[in-house]
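The values are calculated or read from the model by the stated rules, or taken from the named source; none is laboratory data. These figures come from a predicted structure and were not determined experimentally. Neighbour counts are summed over all protein chains in view; Cβ atoms, including those assigned to glycine, are modelled from backbone coordinates with ideal geometry. For the accessible areas, the whole protein counts, side chains as well, though only heavy atoms, and no ligand, DNA or RNA atoms are used. Shrake-Rupley method; radii C 1.70, N 1.55, O 1.52, S 1.80 Å.
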Amino acid sequence: MALETQDRAARLADPVPVAVRLRPPEREGLAERFGPSDPSPGLDLLRHPLVARLVRNRKFQFLLILPNQIVFWTVIFVGLLGTAVPGLNFGAAITWYVWFCLVFVMMVVVGRAWCAMCPFGGFAEWIQRRTLFQRTQKTLGLGRKFPEPLARLGFLIPVVSFLLLTWIEEFFNIAGPGNPAATSFMVIGIVGTALAFFLVFERRTFCRYICPLTSLIGTVGSMGTVAGFRTRDREVCLTCKTKDCMRGGTDGFGCPWYTWPGSADSNLYCGLCSECYKSCPEDNVGLFLQKPLTSVVAPRRRRADVAWAITLLWGLVLYQQINATTAYASVENWMNRNLHFPHYPNPVDYLGVIGLGALATAGVVRGIAALLARRDVELSRPGSFADSSSRFRAYFLPVSYGLIPVVGADYFARQLPKFFQHSARVVPAAAHIFGFSSSSSPIYSFSLATNSWIVVIQIAVVALGTLAAAWSTWRITGRELVSISRSGLGVRLATLGLVLGCGAVAAVLYLIMHAAD
Amino acid sequence: MTIREMSAPVAPTHLDVRVLTDRCAGCQECVIRCPTGALSMDTGHWVALADSDLCVGCRQCVRTCPFSAVVVDGPILVAPRVEARLAHPASLLGDVSEIRSGITGWAEALAEAGRCLQCPDPTCVRGCPAHNDIPGFIAAIRARDLEGAHEVLRRTSVLPDICSRVCNQSAQCEGSCSWSLAGGTPVAIGALERFVADMLPVPPPAPAAPTGELSVGIIGSGPGAAGAAWELLEAGASVTVYEKDAVPGGLCNWGIPDFTLPEAVAARPWHQLASAGVDLRCGTEIRPEDLEQLLETHDAVIAACGAGMPLRLSLPGAELDGVTDATTFLQAAKATLGDGMDAAAFRAAFGLAEDPGAPGRPVPRVLVLGAGNTAMDVARSARRLGLEATCVDWLDERFALTRPDELAEARYEGVEVHFLRTLTALRGKDGRVFGAELARTTQAAADRRPTVVAGDPEVLGIDLVVMAMGYRVDPAFTGALPGTPVRRATSGVADRSWSASGILASPASAFADHLPVGTLALGREIGLWSASLPVTERLWAVGDALIGPATVVEAMAQGRRAAAAVLDAGPARPARPTRPDGDGSSRQRRVLVCYESAGGRTARAADAIAGGFSERGDQVRVLPIARVGLAELAAADVVVVGSWVEGFVVAGVRPAKAMRAWLAGLPRLGGKAVGVFCTFAVAPKGALPAMRQALEARGAVVLGEASFGPRELGKRAEASGAAAFGRELARRSTTKATARVLVE
C-alpha cells in the first residue's frame, strides 16, 4: 500500500535535526587526559538505589543546609545578645572551638562537603533561586557574569579574601579566645557579602571566585576520598546535545560551580550539590569515591592560580606559627612601635612573612628548574596568567600541588589546640542559652588532652601530612618532571627535599611554639 | 537590485576571541557549533582554543557556551546584505504590480548566499515555522542547483513562492539568523527562497497511485489545507477539499492584495493540486453541524477553515454608515483593482464622494483601525483607489505587529500611520460617519497592555472607517473543535536542544524589532505538534482553526504535520471495512508508557507494563512524564499513564502533584487509546478515577485502569500483575475495546 511505503517515523519526525550538522567532538587524547583521574565504576555510590533516591530528591541539599542554617543564625543572635564570655557564648564556642576543626576534617576526608551544606552560600542561593529546594525557572537578581579579568585570577581572589579575613580575625581577636559579638558581625558580613554577590552575579560566583574558604577547601579538599560527581560514560557526555548538567534540566539546575562532570578530573570545583545528577537526562552522572590524594596526583592540568594559592596559604600558616613564638613577639612590638600601628598583627610583617613564605617556596622551585631542566625541551607558551607556561611554571605548578598535604596538615594541626582544650565548652555554652550552666561547670574546664600531648599530636599530624606530600610529590615528579629534567633521580630528590623541608619547618615551629607556651 | 559596497574589503583587524580557560569545561559546545572552525580543542588542558584569525564574530559560541566562557570582542565580519529594491510605481492609482521585486540575478543571489555561514546548528531553521533546511537550500544556490534547492525546500514546505513573499522573516528565520542574533544584518533568506521559486517554478505534487483506502476531507482551502492536501495526495490518499468561496485559496486569495502576493502566485498551489487529482469542491460551505456527516463520508477530516471573521470594535458610533470591516473592504478593493479599476462603483458601494479629485472637493479619507499587516493591506489598497488613508493603533511603534518593511512601504505610499492612538468614539451626521475621536495611549513594554492617557481627544475628519484589527475564528467552529484555540505559550524548562542552539540566548535582536524570536519560535512548536493530535476521533484541526489567527507558513506547516499524523494513524470510517488485524494497518504499533515516580516503584510498574506490550511485538517507549511532550504523544498509538499517589494514609489521596499538572496541560488526544495505572502504599482511593476523568476530558479512550500496591511491587515481587495489565491493555487496544481491565 502506498500509504505505508514511507517510513512512518520519518513522516512525524521533527525536521529540525535533519538540518543540524554539528561537527564531531574532539576525542583525541581522552584516555591519556582522563585515564589517571577517572574513578573506578565500582566506586559509584549512586549505584545503590537508596543513595540514588536520596540524592535525586530535591530536598537533599536543603536538608544538608538546614541544620547549619539554624546553627549559624543561632550564632548570630546568641553572639549579639548572649554573654560576652567567649567560652559560655554558644556563638563563639561552636564557631572557633568546633566548627573550623570539623570543616578541616570534612575537607580532608570528603572534599567540598562543607560547600554542599554551607549556610552562607546556601542561604543566598535560596534567595537567588527564590526557593528552598524546588527547580525554579526564574532567578532573583541581575544574573551578571563575573568580570572576565577577575575570573581569570581563579583562586587568587579567594586567597586574598582569606588572608584579609584572617587578618581581621587576628586584629579584632575574634577567634582566640573569642569575641562573641565580633563573631556575629563577621558571620553577618560573610552572609551579607555572599547575598550581594548572589544577587548581582549568576550561579555560585561568590563560592567559586570570592569565598574566603574556597581556596583552602578546594586545595586541601583534593586530598579527599570523594571524587565528586563525575561522568559514568564520557562518550555519552561528549555526544550529549543538550548538556543539561551545565545549562539546567527539568529536574535540576545547571552546575552552580561551572563544572562539567564530563571533564572533571579532580574534586577541586565539585560542590557536591548533586544538581548535575538530578538534571542529567541520561542518568550518566555518578557520585564516585576515590583513593586519598588522587585529586592531588592524578589531574593532568595544573593551574597557576592554584599553585600560587597553595604557596600563599603555606605562607599564612607559617606566619601564624611564627608569630606564636616568643622571639617573634618582640619583633612584632618593635615594628608596631616604629610603624605606629596599634597592635598585632602588623600588616607589613603579616604580608611580608606570607609573601616571603610563598616566594621562598617558589624560589626553591625556580632553583630546581634552573639546575635540572633540560634545555632541549621547549616549555614556554605565551598566554594569560592562567594559560601561559614557562620553565619555572613547568616545575612550580606540579611541585606546588605536591605540597598540598603538608600545607593541609599544618592548618589542621593549628586548629587542634582549640579543639582539644575548649571543644567541651560547647555543652555549657549551649546550656547557657537557656540560663543553665556557668564557667564554674566542670565541663567548661574539661580538656581533651594536655598541652604536651597536643604538641605530640600536632607533630604527628604534620608528619603524616609530610609523608603524604612526599608520596604525592614522588608520583607527580615521576610523571611530570622526570621527562623534562636532565636527571630523573636528581629532580625527584630535590622536590622530595623541598617537601621534607617544609614538613620539618612546620614541626620544629610547633616545638618552638610549645616552648613559648 | 543593489549590492552595497560588495567590493569593500572587510578588515578583520579588531576581532578578538578569548576562551576563559578557568571556566571552560571543555564540553565542546562551542567547538561543534563554530561555523568557521575558529574554535578547536587544546587536548592537553582539555579547554577550547580560539583562533581570532578565523573568527567572523557571529558569536554563536558566546550564545551556546553553557558557562559563558567565550568572549568575542570586535565587529561582525560579514559583507553587506544584498538589499532587494522596491519597485514603487510612478502612480499608485489603480496599480497592483508587485512592490518587492526580489533577487533577479545569479550574481546577487550568489553574493547573498555567500553571506550564509552554513551554521552547524542553524538557529534560522528553528526560527522558520516550517523548519526549512535553510543552510541546505542556500548551499544548493551556491552550487547553482535550483532543482536541488527546490528539493530541499520541498521536504518542509509546499509554498516557497508564497511564504517568501508574505512571511515576516524578520521575526522568524532572518530574526533567528546567527548574524541577527549577534546584532548584525541577517542573510536575506526570504529573498533567496523567492529567488529559487522565481527562477524555477515550484514543482507540482507527485501523487502516488490512489489506493482508494484512505479518504480525507479537508474543510477550507487556505495554506493549511494546501499543505495537508499536498502531503496526502503524494501518499496516495483520496483528498476532497470543501471551500465555501468560489475560488480556492482562502485568505491568500482575497485577503492579501496583489501588490504583495500576485494572484497567479496565490493560485498556483490549487491549480497544481487540482490538476494532480484533489477533488476541489468550491462553493461548498461546511458548517460545524455538518462535521458528523463528513466524518461518515471520510476516514479523516482536517478542519482548516481559517479565521475569516473580522474583528469589530464596539464603541459609540460603530453602527453608523461608513463603518465597515477589513474583509468587506479588501474583497471589494481587490475586485475593483483587478477588474480594471471601476473606482466610481467602489466609491458608490461605500457611500463616498463621487468625484474626489474635483476642485474644491477634498479626497475622501479612510480611517483604518489597527496598524498590523491587515491594516497595512487595507490602507495601501485605499491609496491605490485614490483615497487618503490613516492608520491608528494603540500600540507603541516599537512593539508594532506589522512587518517593518511593510510599514515603511505603506508610509512611502502616503499612508499616515499613528501609533499610541486609540479610537474612542465616532461622530456621525445624518447617520453617516464624518469624524473620529482619538485618544492618546501609552505602552511601557511589549507584553503590557496600552493605557489611555487622560485628556481631550483629537478629532479627525474621515469619510470611511475600516476596522482592520485582524480576524477571528467562527465561534461555531471553535465550539465544534474542542481544545481550540491552542495557547502557544511555553512553560517550565525550555526544550534543551533549543537552548543549546543559542536561539533563546539573544531574545532581543534589533533586526527582529527586539522580538524574542526564540520564545516565539518555541511557542509555534506547540501549535505545530498540536496539529499532529486529533481534536476528536478522526478529526484534526490546523492553522487558524487550531491556534487562532496566525501566519500562512504556520498554517501550511501544521497542515503537513496533520496530514502526516493522519497517514500515520491510518483511521477508518465506520462504513469502511477494517483490516483483519483490526487496526487499519499491518504496521508495528507504538506504545508510550509514561509515569511519575518518586521512589522507583511506579517506574518498575511502567517497565513491567511495557514488557506486557513488548510480548505482543509492539514498539514500546517508557519515559518519565517530564520527558513526554507533544511530539512523544503524537508519535504514540497507545499511551499508558501511571503515577504514584500522594496523601496521608487514606486522606487526601490523589495522583502526584506533578502528574496532576501534567494532565492539566495535556492537549486534545482525540480518540487516542489510553491505559491508566497508579501505585499506592495503603489505598489508591480516588486517584485512578481522577486520572481517567482528566484523560477522558481530553478525548482519550481509556481502555483499562489498574492500581498496584506494595504486594505487587515490593522488593521481591516480580510485578507480574503489572505485566498482566500490560498484556491485557495490549490485547484490548488491538480491538479498541473500551471495557475496563480491573487488576486487584
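Which aspartates and glutamates, if any, have their Cα less than 12 Å from the Cα of A:Lys145, not counting same-chain residues under 8 positions apart?
Within the straight-line cut-off, A:Lys145 pairs with A:Glu202.
Compute the helix-to-body angle for A:119-129: its Cα long axis versus the longest principal axis of chain A, expressed 0 to 90° and rounded to tens.
Taking the Cα atoms of chain A, the angle to A:119-129 is about 30 degrees.
Run the reach check for A:Lys59 against aspartates and glutamates, Cα to Cα strictly under 15 Å, same-chain hits fewer than 8 apart removed. What comes back?
Leaving aside aspartates and glutamates fewer than 8 places away in the same chain, those within reach of A:Lys59 are A:Glu125, A:Asp251, A:Glu275.
Can you find, among B:Leu200, B:Val622, B:Leu337, the residue farthest towards the positive end of the dipole of chain B? Put +1 on the C-beta of Lys and Arg, -1 on that of Asp and Glu.
Value: B:Val622.
Out of the total accessible area of the protein assembly as shown (probe 1.4 Å, heavy atoms of protein only), what percent is carbon and sulfur? Kindly include the intermediate steps, with their values, before the conclusion.
Details: 28940 of 48770 Å².
Looking at the protein assembly as shown in its full context, I get 59 percent from C and S.
What whole-number value in Å² describes the accessible area per residue of the protein assembly as shown for a 1.4 Å probe?
Working: 48770 Å² over 1261 residues.
On a per-residue basis, the protein assembly as shown sits at 39 Å².
Working out 0.36 nm times the residue gap between B:Thr734 and B:Thr284, then minus their Cα-Cα distance, what length gain in nm do you get to one decimal? List each step's numbers first, then the result.
Numbers: separation 450, 0.36 × 450 = 162.00 nm, distance 3.72 nm.
So the chain would gain 158.3 nm between B:Thr734 and B:Thr284.
When only DSSP loop residues count, what trypsin sites (Lys or Arg not before Pro) in the range A:351-383 have their Cβ near at most 16 other Cβ atoms within 10 Å?
Working: sites: A:Arg366, A:Arg374, A:Arg375; in loops: A:Arg374, A:Arg375.
Here the trypsin sites (Lys or Arg not before Pro) that fit, given the DSSP loop and packing criteria, are A:Arg374, A:Arg375.
Report the trypsin sites (Lys or Arg not before Pro) located in the range A:109-195 that are in a DSSP loop and have at most 12 other Cβ atoms inside 10 Å of their Cβ, or state none. Don't skip to the answer; put the middle values down first.
Details: sites: A:Arg112, A:Arg129, A:Arg130, A:Arg135, A:Lys138, A:Arg144, A:Lys145, A:Arg152; in loops: A:Arg112, A:Arg130, A:Arg135, A:Lys138, A:Lys145, A:Arg152.
Passing sites in the range A:109-195 are A:Lys138.
For B:Lys685, list the lysines whose Cα falls under 21 Å from its own Cα; do not include residues on the same chain fewer than 8 positions away.
Once the sequence-local lysines are set aside, what remains near B:Lys685 is B:Lys657.
For the range A:268-331 and the range B:145-210, write down the distance between their C-alpha centroids in whole Å.
What the calculation gives is 55 Å, centre to centre.
For peptide B:523-531, what's the mean number of Cβ atoms from other chains within 10 Å of each residue's Cβ?
Values: counts 0, 0, 2, 0, 0, 2, 2, 0, 0.
Going residue by residue through B:523-531 and averaging, the value is 1.
Just checking chain A: which Cys have no other cysteine's beta-carbon under 4.7 Å?
That list is A:Cys101, A:Cys115, A:Cys118, A:Cys207, A:Cys211, A:Cys237, A:Cys240, A:Cys255, A:Cys270, A:Cys273, A:Cys280, A:Cys502.
Enter the mean number of other protein chain beta carbons within 10 Å of the beta carbon of each residue in B:65-75, as an integer. Walk me through the numbers before you get to the answer.
Numbers: counts 3, 11, 12, 8, 4, 0, 2, 0, 0, 0, 0.
For peptide B:65-75, the averaged partner shielding equals 4.
Could you pull out the trypsin sites (Lys or Arg not before Pro) across the range B:50-125 that fall in loop regions by DSSP (anything but H, G, I, E, B) with no more than 15 other Cβ atoms inside 10 Å?
Details: sites: B:Arg59, B:Arg63, B:Arg81, B:Arg85, B:Arg100, B:Arg115; in loops: B:Arg59, B:Arg81, B:Arg85, B:Arg115.
Qualifying residues, ordered by number: B:Arg85.
Which one of A:Pro382, A:Ala506, A:Ser184 is farthest out on the positive end of the charge dipole of the protein assembly as shown, using unit charges on Cβ (Lys, Arg +1; Asp, Glu -1) and the Cα centre as origin?
Positive-end residue among those listed: A:Ala506.
Count, for each residue of B:129-136, the Cβ atoms from other chains sitting within 10 Å of its Cβ, then give me the mean as a whole number. It would help to have the intermediate numbers written out before the result.
Details: counts 0, 1, 6, 2, 6, 1, 3, 3.
Counting other chains' Cβ atoms within 10 Å and averaging over B:129-136 gives 3.
Using only helices, what value at 222 nm comes out for chain B when you add -39,500 (n - 2.57) per DSSP H run of length 4 or more and divide by the total residues, to the nearest 500 deg cm²/dmol?
Details: 27 runs with 242 residues, N = 744.
Counting only the DSSP helices, I get -9000 deg cm²/dmol.
When the accessible area of each residue in the range B:100-120 is compared between its chain alone and the complete protein assembly (1.4 Å probe; ligands, DNA and RNA ignored), which residues differ by at least 20 Å², being lower in the assembly?
B:Pro120
Out of residues 5 or more away from B:Val639 or on other chains, whose amide H comes under 5 Å of its own, with H placed 1.01 Å from N in the peptide plane?
Answer set, sorted by chain and number: B:Leu592, B:Ala673, B:Val674, B:Gly675.
Where both partners of a DSSP beta bridge lie in the range A:39-299, what percent of those bridges are antiparallel, to the nearest 5?
Values: 7 of 8 bridges.
Expressed as a percentage, antiparallel bridges in the range A:39-299 total about 90.
For helix B:552-569, what angle does its Cα long axis make with the longest principal axis of chain B, in degrees from 0 to 90 and rounded to 10?
Once rounded, one gets 30 degrees.
Report, in whole Å, the centroid distance computed from the Cα atoms of the range B:226-292 and the range A:348-414.
Centre-to-centre distance over Cα atoms comes out at 78 Å.
For helix B:263-276, what angle does its Cα long axis make with the longest principal axis of chain B, in degrees from 0 to 90 and rounded to 10?
Between the helix axis and the principal axis of chain B, the angle is about 40 degrees.
Given axes a ≥ b ≥ c from the Cα gyration tensor, I'd like to know whether the range B:342-471 is rounded (a/c under 1.5), prolate (a/b larger than b/c) or oblate.
Details: a/c = 2.34, a/b = 1.44, b/c = 1.62.
Note, shape of the range B:342-471 comes out oblate.
Shape verdict for chain A, please, from the Cα gyration tensor: rounded (a/c under 1.5), prolate (a/b greater than b/c) or oblate. It would help to have the intermediate numbers written out before the result.
Values: a/c = 2.07, a/b = 1.30, b/c = 1.59.
Oblate, since a/c reaches 1.5 and b/c is not below a/b.
Mind giving me the FRET efficiency for B:Arg85 and A:Gln137? R0 is 41 Å, r the Cβ-Cβ distance, nearest 0.05 is fine. The partial results should precede the final answer.
On the way: r = 45 Å, r/R0 = 1.10.
Taking R0 as 41 Å, the efficiency between B:Arg85 and A:Gln137 is 0.35.
Just tell me the longest site-free run in chain A, where the sites are GluC sites (Glu not before Pro) in a DSSP loop having at most 15 other beta-carbon atoms within 10 Å.
On the way: sites that count: A:Glu28, A:Glu282, A:Glu378.
That would be A:29-281.
With a 1.4 Å probe on protein heavy atoms only, work out how much accessible surface A and B bury together, total over both chains, in Å² to the nearest 100. Numbers along the way, then the final one.
Values: alone 23790 and 30610 Å², together 48770 Å².
Answer for the A-B pair: about 5600 Å² buried.
Quick one: what are the phi-derived ³J(HN,Hα) couplings along the range B:122-135, Karplus 6.51/-1.76/1.60 with θ = phi - 60°, whole Hz, x for glycine and proline?
Values, residue by residue: x, 6, 4, 5, 6, x, 6, x, 8, 6, 4, 7, 5, x Hz.
Amide H neighbours of B:Ala389 under 5 Å, counting only residues 5+ apart in sequence or on other chains, H built in-plane at 1.01 Å?
Here B:Val366, B:Glu416 satisfy the definition.
What is the distance, in nm, between label points placed 7 Å from the Cα along the Cα-to-Cβ direction at A:Leu489 and at A:Val51?
If labels sit at A:Leu489 and A:Val51, their model points lie 4.4 nm apart.
Go ahead and run the numbers for FRET between B:Glu296 and B:Ala335, Cβ-Cβ distance against an R0 of 51 Å, rounding to 0.05. Working shown, then result.
Details: r = 37 Å, r/R0 = 0.73.
Plugging the Cβ-Cβ distance into 1/(1 + (r/R0)^6) gives 0.85.
Using the Karplus curve 6.51 cos²θ - 1.76 cosθ + 1.60 with θ = phi - 60°, work out ³J(HN,Hα) for each residue of the range B:467-481 in order, rounded to whole Hz, and write x for Gly and Pro.
Calculated HN-Hα couplings, in order: 7, 10, 7, x, 10, 9, 7, 4, x, 5, 6, 4, x, 7, 10 Hz.
In nm, give the distance between the simple-model label positions of A:Phe385 and A:Ala327, each being 7 Å from the Cα along the Cα-to-Cβ direction.
If labels sit at A:Phe385 and A:Ala327, their model points lie 3.4 nm apart.
At what distance in nm do the modelled label points of B:Ala276 and A:Asp233 sit from each other, each positioned 7 Å from its Cα along Cα→Cβ?
4.2
Given a Förster radius of 45 Å and the C-beta distance between B:Asp405 and B:Arg621 as r, what FRET efficiency does 1/(1 + (r/R0)^6) yield to the nearest 0.05?
On the way: r = 45 Å, r/R0 = 1.00.
According to the calculation, E is roughly 0.50.
Of A:Phe60, A:Val78, A:Val103, which is farthest on the positive side of the dipole of the range A:39-299, counting Cα position, with +1 on Lys and Arg Cβ, -1 on Asp and Glu Cβ, and the Cα centre as origin?
Checking the options against the dipole of the range A:39-299, the answer is A:Phe60.
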